Each structure stands twice: as C-alpha cells, then as structure tokens.
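Report on the following structure.
The values are calculated or read from the model by the stated rules, or taken from the named source; none is laboratory data. Source: prediction; values computed, not measured. In this analysis, Cβ positions are derived from the backbone assuming ideal geometry, glycine residues included, and neighbour counts consider all displayed protein chains.
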Amino acid sequence: MTLTSVLLVAAALVGIGLYGALSQQSFVMLMMGLELMLNGALLAVIGLWSFGLAGAPEGQLLAILVMAVMAVEMAVGFALVVAVYRKRQADTTESLGTLKQ
Amino acid sequence: MMGFTATDALFAALSLAAVVAGWRVFATDSMVRASFLLLLSFLAVAGILLLLAAPYIGIATIFMMAVEMMVMAVFMVMFMMNPAGLNPMMMVHQHRLSIAAGVIAFLGLSAAVLLSDLPDDPVDPARPVVRDLGHELLGPSMLVFETAGITLLATMIAAVVLASRPGRYGPSDEGSRPPGLVPGGEPAGRKPEDDQGEGGGHHHHHHHH
C-alpha cells in the first residue's frame, strides 16, 4: 500500500462516478455517480494525509468537510427530486425540458 | 522495496471491492441492489481509510454511509418503476460520451498521480491522530467546523422547505390560506385573487413567525 496505489484507486472511483453522473437518466442514479466521485475524493484526501503530511490534523479536517459536502448533496438532492416529482411527475432528466430554451 | 505484507493484501482486496462494486452500481438492473452496491463500495473505502491510520474518519464513513444508503434504497423504491430488477433495464443517455469522459478522467488523474513528485512523510503510528483531530476541530479550525455545522442546519431547513407539500396554511406551492378567525369561518388574511375578507393586512404574515 503506497500513496500511488491509493491515489490510483481514488482516480478509478472518480472515473466511474463521472461516467455514472453523465450517463444515468434517473435522478437518483445520477446522484449515486456524484457520491462515488466524492468517495474517491475522500480516499485521495486521507491517502495524502496518511502518506504525505506526517499526520497534520488539517488533513483529517478536510476529510470531515468532504463528508459534510456528501451529506449536503444527498439531502438537497433528494429534496429537489421530491419537489420536481411533485411539480412535474418527472423522475428522469429527459422529462425536464424547460431549461433548454 | 518491502515484501507483499498482509496490509498490502487487504488493501488490494478492499480496492478491488470498492472499484468493482462502484462499477456494478451502474450495471445492475435492480436499483435497490445498486444502492447496496454503492454502500459496499463505501464500506470498502472506509476499510482502506482504517488501514491508512484514520480510525475516526473510517468509522464515521461506515456509520454515515450505512444510514445514507438505506435512505437511498427507500427513495429507489419510492421513485423507480423497476426497483426489484425483475426486467433488464438500461436507462442511459449519451453513453459513449460518458464512457469516454470516465476513462479520460481516470487516465488523466492516473497520469497526474504517476508523473508528479508525491510527498513522502507518513504518519507516525504512535501519533494520537483522533486526539489531534479533536483538538484541531475545537481549536484552531473551530470556525471551519462551526461553518460546516451551520451549513448542515441550513441544508436541513432547505430540504424540508423543498420537500414539504403542506405548508402551515395549505399546499405550499399554491400560496398560503390562513385559517378562519372563527371555527369554520372565512379564511383570514388576503385572498390570492380578490383582496377582501376580514382580518386584512396583518394576519397573512403569521407564517413568518
């Protein structure tokens, strides 16, 4: 287990997450892609903290912030899914066309 | 170079689990299964975090993701036409572009990792990292920590506002209708269209309190 190998795994998670966020039609699956990207970011942050900072506590603080971002993304995302579904009966990105103009 | 230790083997297994589960999230037919696969991916990453001498972050990830993915599974059942995966399903758009973007992101980040001069200053195993984190959170970085807390509070309020249909005086997306001044009477406050009704000006501000 080296810093390089940890960062490569994180890069793979970010790549898969980006694929999911761009390709999925369903809002909830799209959010899974975003979560997967944040998962990779969390791994990269802790990897750098563990191997490169001699345990400076600010690295763990940054990881806590990444987790807060995850929670915010999840809560606001689900609330938006509910609001959009209630207004337009839409649960996929294709059902929303009003921003196209 | 050191030999292949038990930690390396565990790291390899957890990495494989994290990446394969992450990929299967978008390849399975069942959306509930997809959310549990995402949970598996998060748990594998949490295991790697534990290996990386970050016990607090690792355990917090496990707890947070266990709850979060259960909520996600509930949302899957609520919104999806095919939660159980009984029929094959592939709901994607711009598929080639997405695959290309994912592969390019992975290759670009990998190139950046392999080509850059990474720092090498590992954490001392004897270092009290959880105590360090606590002192950092409630010491020099308290403003950051508190700002994150306020952000989460604002998120809770925003989520409730966005998601709630019934406001205090009726459907939240149709304008407010305050209750009558007497039981069963006319609604107090301003009517949405014609501006009559007893009570008048000050009553329709009640819901701001």
Output the number of the condition that A:VAL81 fails; it satisfies all remaining conditions of (1) buried (at least 22 other Cβ atoms within 10 Å of the Cβ); (2) of a type in the set (Val, Ile, Thr); (3) farther than 21 Å from B:VAL77 by Cα. (3)
For B:ALA60, are the conditions met, namely being more than 7 Å from chain A (Cβ to nearest Cβ) and among the hydrophobic types (A, V, I, L, M, F, W, C)? no
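So that you can scan it fast, the table gives a plain yes or no per residue for (1) among the small types (Gly, Ala, Ser); (2) modelled with pLDDT under 90:
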| residue | (1), (2) |
| --- | --- |
| B:ASP121 | no, yes |
| B:PRO140 | no, no |
| B:VAL144 | no, no |
| B:ALA154 | yes, no |
| B:VAL161 | no, yes |
| B:ARG165 | no, yes |
| B:GLU174 | no, yes |
Would you list the helices (runs of 4 or more DSSP H) that sit entirely within segment B:1-103 and hold 2 or more residues that are more than 20 Å from the chain's Cα centre (by Cα) and either among the acidic types (Asp, Glu) or at pLDDT 90 or above (or both)? B:6-25, B:31-51
Do we find a residue being modelled with pLDDT of 90 or more and farther than 24 Å from B:SER98 by Cα anywhere in segment A:35-45? yes
From (1) facing another protein chain (nearest Cβ under 7 Å); (2) surrounded by 21 or more Cβ atoms within 10 Å (Cβ to Cβ); (3) not β-branched (Val, Ile, Thr), pick out the condition that doesn't hold for A:ALA71. (2)
Determine which member of the set A:LEU48, A:LEU62, A:LEU43 is in a helix (DSSP H, G or I), of a type outside the set (S, T, N, Q) and touching a residue at least 40 places away in the same chain (Cβ under 8 Å). A:LEU48
Quick check on segment A:31-47. Is at least one of its residues at the interface with chain B (Cβ under 7 Å from one of its Cβ atoms) and over 14 Å from the mean Cα position of the chain (by Cα)? yes
Answer yes or no as to whether A:GLY33 is in contact with a strand residue (DSSP E or B) (Cβ under 8 Å, 6 or more places away or on another chain) and under 28 Å from B:ASP8 (Cα atoms). yes
Would you mention how many residues in segment B:123-138 are part of a helix (DSSP H, G or I), facing chain A (nearest Cβ under 8 Å) and either farther than 23 Å from A:GLU73 by Cα or modelled with pLDDT under 90 (or both)? 5
Of the numbered conditions (1) within 7 Å of another protein chain (Cβ to nearest Cβ); (2) outside any helix (DSSP H, G or I), A:ALA90 satisfies every one except a single condition; which is it? (1)
What pairs come out if I take residues in segment B:158-186 that are surrounded by 14 or more Cβ atoms within 10 Å (Cβ to Cβ) and pair them with residues that are modelled with pLDDT under 75 and hydrophobic (A, V, I, L, M, F, W, C) whose C-beta lies under 9 Å away, six or more apart or interchain? B:PRO178/B:ALA188; B:PRO179/B:ALA188; B:GLY180/B:ALA188; B:LEU181/B:ALA188
